[in-house]
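Step one of this worksheet: look at the structure below.
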Amino acid sequence: MDFKEQIDINRLPEHIAIIMDGNGRWAKNQGKFRVFGHESGVLSVKDIVEGCVEIGIKYLTVYAFSTENWNRPVEEVNALMELLISTINQEAETLNKNNIRLNAIGDLGSLPKKCIEDLDNAMQKTKENTKCTLTLALSYSAKWEIVEAAKKIAKQVEQKEINIDQIDEHLFASKLTTSNIPDPELMIRTSGEHRVSNFLLWQMAYTELYFTETLWPDFRRDHLFEAIVDYQKRERRFGKISEQLN
Ligand code: IPE
Ligand code: IPE
Ligand code: MG
């Protein structure tokens, strides 16, 4: 049952997005505090990034903190921010050595100052890297992002830089925080929840969705490879019929 061997390397998704869910339940199952689950989840992120690099995935986007997550108990929010800062600082050099570019999307200005600074430094340090782009979705909400894009376009119309007829999907996508990355072909959500929780709503218009019961801290590259094998068995028709493909 070696999933890596089953992957067709010529038909890899270029971009995989992941909703990393189940840290709290994973910790609770062991009688531990939720934050222990978040810490363990960092090991999964590292293994998945390595797994992506190993097989040649160009873009990986992980949902690390949603706008809605600000509503969690303040101790948990603080612990997550601390963990984010320490992880960025510990991993920036390794990312750089492995030719991985760090990127971030979301309402980054709402993060603690230290977090913004360290994130900026790590992004700056890795900005020329070309092997893989790792995007962290932080204080991210798709509805927020879409409203922001609409505001930018409205402003351009107001200032007569563009006229209304020029607004199309391409222009709209260029105003999103993901303007420099392709839409994901595959989205994975762990922990058995079957929802998208305000993640990449525009970008996932035609994404293949993969749900697994595995909790995020248990998710390793072999689970990723299994998801890719499943993805490669699917027929992506984009509204056409089977016979029209190829
Ligand atoms: C995902 O795990 C991590 C974040 C949302 C930050 P959860 O913390 O949501 O874990 P569960 O879903 O409560 O088990
Ligand atoms: C989604 O997980 C956000 C992240 C993984 C960062 P949540 O655990 O916050 O989502 P809901 O509340 O179950 O929809
Ligand atoms: Mg959750």
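All of the numbers you see were taken from the coordinates with simple rules; none came from a lab. Fair warning: this is a prediction, and the values are worked out from it, not measured in the lab. Here the Cβ is made from the backbone with ideal geometry for all residues, glycine too, and neighbour counts use every protein chain on show.
I'd like to check which helices (runs of 4 or more DSSP H) are fully inside the range 19-109 and have at least 1 residues that are among the aliphatic types (A, V, I, L, M) and touching a Pro at 6+ places or on another chain (Cβ under 6 Å). Output list reads 74-97.
Select, from L209, L201, L134, L138, the only residue that is within 15 Å of the chain's Cα centre (by Cα), away from ligand 1 (no atom under 16 Å from the Cβ) and buried (at least 19 other Cβ atoms within 10 Å of the Cβ).
Criteria check complete, one pass: L134.
Mind telling me which of the residues I153, I164, I181 ends up being in contact (Cβ under 8 Å) with a residue 40 or more places away in the chain, more than 16 Å from ligand 2 (Cβ to nearest atom) and among the hydrophobic types (A, V, I, L, M, F, W, C)?
Details: I153 fails: in contact (Cβ under 8 Å) with a residue 40 or more places away in the chain; I164 fails: in contact (Cβ under 8 Å) with a residue 40 or more places away in the chain.
I181 is the lone residue from the list that is in contact (Cβ under 8 Å) with a residue 40 or more places away in the chain, more than 16 Å from ligand 2 (Cβ to nearest atom) and among the hydrophobic types (A, V, I, L, M, F, W, C).
Might you let me know whether the range 170-187 holds any residue that is part of a strand (DSSP E or B), under 20 Å from the mean Cα position of the chain (by Cα) and surrounded by 11 or more Cβ atoms within 10 Å (Cβ to Cβ)? Break it down stepwise before answering.
Taking the range 170-187 first, the residues part of a strand (DSSP E or B) are 186-187.
Then keep just the ones that are under 20 Å from the mean Cα position of the chain (by Cα); that gives 186-187.
Checking which are surrounded by 11 or more Cβ atoms within 10 Å (Cβ to Cβ) leaves us with 186-187.
So far as the range 170-187 goes, yes, one or more of its residues are part of a strand (DSSP E or B), under 20 Å from the mean Cα position of the chain (by Cα) and surrounded by 11 or more Cβ atoms within 10 Å (Cβ to Cβ).
Restricting I88, I48, I57 to residues that are buried (at least 16 other Cβ atoms within 10 Å of the Cβ), touching a residue at least 12 places away in the same chain (Cβ under 8 Å) and under 17 Å from E117 (Cβ atoms) narrows the list to I88. Against the test of being in contact with a strand residue (DSSP E or B) (Cβ under 8 Å, 6 or more places away or on another chain) and within 16 Å of ligand 1 (Cβ to nearest atom), the options Y59, Y63 yield a single qualifying residue, Y63.
Going through the range 184-195 one residue at a time, which ones are in contact (Cβ under 8 Å) with a residue 40 or more places away in the chain, out of contact with any helix residue (DSSP H, G or I) (no Cβ under 8 Å at 6 or more places or on another chain) and farther than 27 Å from I153 by Cα?
Quick first cut of the range 184-195, residues in contact (Cβ under 8 Å) with a residue 40 or more places away in the chain only: 184-193.
Now drop any that are not out of contact with any helix residue (DSSP H, G or I) (no Cβ under 8 Å at 6 or more places or on another chain), which leaves 184, 187, 189, 192-193.
Matches in the range 184-195: M187, R189, G192, E193.
Taking every residue in the range 60-78 that is touching a residue at least 40 places away in the same chain (Cβ under 8 Å) and pairing it with any residue that is assigned to a helix (DSSP H, G or I) and near ligand 2 (Cβ under 6 Å from one of its atoms), at least 6 positions away or on another chain, the pairs with Cβ-Cβ distances below 9 Å are E76/N69.
For (1) of a type in the set (S, T, Y); (2) assigned to a loop (DSSP other than H, G, I, E, B); (3) farther than 26 Å from E39 by Cβ, each residue gets a yes or a no:
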{"residue": "V196", "(1), (2), (3)": "no, yes, no"}
{"residue": "L200", "(1), (2), (3)": "no, yes, no"}
{"residue": "M204", "(1), (2), (3)": "no, yes, yes"}
{"residue": "T214", "(1), (2), (3)": "yes, yes, no"}
{"residue": "A227", "(1), (2), (3)": "no, no, no"}
{"residue": "R234", "(1), (2), (3)": "no, yes, yes"}
{"residue": "F238", "(1), (2), (3)": "no, yes, yes"}
{"residue": "N246", "(1), (2), (3)": "no, yes, yes"}
